[in-house]
1. Take A:R190 and B:R190, extend 7 Å from each Cα along the Cα→Cβ direction, and tell me the distance between the two endpoints in nm.
2. Place +1 on the Cβ of every Lys and Arg and -1 on the Cβ of every Asp and Glu in chain B, take the dipole about the Cα centre, and give the residue among B:A57, B:V220, B:A75 whose Cα lies farthest towards its positive end.
3. Based only on the alpha carbon positions, what is the Kirkwood hydrodynamic radius of chain A, in angstrom?
4. Please report the antiparallel percentage of DSSP beta bridges with both residues in the protein assembly as shown, rounded to the nearest 5.
5. Please say if the protein assembly as shown is rounded, prolate or oblate, where rounded means a/c under 1.5 for a ≥ b ≥ c the square roots of the C-alpha gyration tensor eigenvalues, and otherwise the choice is prolate for a/b larger than b/c and oblate otherwise?
6. Assuming 0.36 nm per residue, please report the length gained on full extension of the stretch B:A230 to B:R92 beyond their Cα-Cα distance.
7. Any idea what log10 I(q)/I(0) is at q = 0.13, 0.19, 0.25, 0.26 Å⁻¹ for the stretch B:59-129, Debye with uniform C-alpha scatterers and no solvent?
8. Please give every one of the lysines within straight-line cross-link reach of B:K96, meaning a C-alpha to C-alpha distance under 20 Å, and leave out same-chain neighbours fewer than 8 residues apart.
Number of protein chains: 2
Amino acid sequence: MRLEIVTLSSIPEVRRGDDLASLIRQAAAREGGEGKNIDHSVVLAVAQKIVSKSEGAVVDLREIQPSAFAQSWAAEWSRDARLIQLILSQSRRIVKMDRGVLIAETLTGLVCANAGVDQSNVEGDDFATVLPNDPDASARRLRTSLGCGAVIITDTFGRPWREGLVDVAIGVAGLDPLDDYRGRTDRHGRKLAGTIIAVADQLAAAAGLLMPKAAGCPAVLIRGLRWQPAEGSARSLQRKPEQDLFR
Amino acid sequence: MRLEIVTLSSIPEVRRGDDLASLIRQAAAREGGEGKNIDHSVVLAVAQKIVSKSEGAVVDLREIQPSAFAQSWAAEWSRDARLIQLILSQSRRIVKMDRGVLIAETLTGLVCANAGVDQSNVEGDDFATVLPNDPDASARRLRTSLGCGAVIITDTFGRPWREGLVDVAIGVAGLDPLDDYRGRTDRHGRKLAGTIIAVADQLAAAAGLLMPKAAGCPAVLIRGLRWQPAEGSARSLQRKPEQDLFR
């Protein structure tokens, strides 16, 4: 088995209303060369940031009125009260809120720092991106427009217990994000009991290797993966509350 | 940027005392073809299972005397009391122990299900592998013997909040597992404040895409990564207790 992963490096700064599929198609055509054609054998990974920007999921912090709660917590930990207010508005549950770190469950059920609110690669201190409303739908639109095999929308998340961030899939179209080995057997004929692999998160992490934060390579093509086409949804990656030992 | 990831598919069943570097070198030579030469530009990812087997980190469960505690908990949740005892012996802290699931901090500080004790791809119900004693040292030995740029030893871990398992790096040699963007700037000149990427875990996840559990492809070559050579240690990926919001 053999995977080939390439970046599209010539995507311009994305703005509200831009047709992201066109920008990606044009970048692939312009760059040409090995591995850069987009077809049904390709998994396209796209960074959340440019999806949010194209969908206008950018908030002008000057329009936010922080609550007294947001103001006092922000003051205690030297954070921007407008950002804290925005984070709370994007959250349906606070998982941890301590030492200036805010980990929340977002409106769509993702658990991550700052509920996905982010100021990196955004112009000016007064703006922040929020997560796309429906990242699966964003992925589906890109897949349809581009005719690629699957699309994943990636974001960069921290994890408990381990240092450093990794990219995960927050939107999926065209593949089942979980590869379920239960019932299959290993080389010794032993049933693989609990083995369900988060293939979409592994794809996101692989793509993340080619999306250095400082560079602006927000789209990556992965070729060589074998998978059963499926509608797919990143919601399958969210652990159900009753099965979550860490609630 | 462009990454190429290939499996070595012809590594035989590994047994105690086998010279793993030789088996990998022979498989690469036998398979030949594009991307299969091992040199200083390559990151080699090796599954923990074959490292443990070659190092004799395989336990005969018939030699284990389960404690009363292990026996009662195993009986309550229909698990093998000998395995529970082995898991406890590999742990320095129990993180969660509920509903038949045992999440522990291992003797070397990893947090994972069953303290890394595993029966998949092991011959017979009476045997289980444990994690290598010092996975960084295992990685360093392979790197020295094979002359590759970096080595990571991977294992397949669950995570809180998200469904499905992903591969992570439990041993590292030849690269810093964390890529620290702090102080660097994004495209808009904004400082990337909290951004430290767990590059070794992203490499492990990428390799995991080519290590399907049922197949037996325990070694993967990754070519095209640019990195600063460094001694490296997977211990850098372990969050320090005082910085861990989830203790």
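1. Each label point lies 7 Å from its Cα, and together they span 4.9 nm.
2. Value: B:V220.
3. Numbers: mean 1/r = 0.0523 Å⁻¹.
Over chain A, the inverse of the mean reciprocal pair distance is 19.1 Å.
4. Values: 75 of 87 bridges.
So the antiparallel bridges amount to about 85 percent of the total.
5. Working: a/c = 1.80, a/b = 1.30, b/c = 1.38.
Oblate, since a/c reaches 1.5 and b/c is not below a/b.
6. Working: separation 138, 0.36 × 138 = 49.68 nm, distance 2.92 nm.
Gain on extension, B:A230 to B:R92, equals 46.8 nm.
7. Cα-only, vacuum Debye calculation for the stretch B:59-129: -0.32, -0.71, -1.19, -1.26.
8. Within the straight-line limit of under 20 Å, B:K96 reaches these lysines: A:K96, A:K240, B:K240.
No value in this document is a laboratory result; all are computed from the given coordinates. None of these values were measured; they are calculated from a predicted model. When we count neighbours, we look across all protein chains shown, and the Cβ atoms used for this are built from the backbone with ideal geometry, even at glycine.
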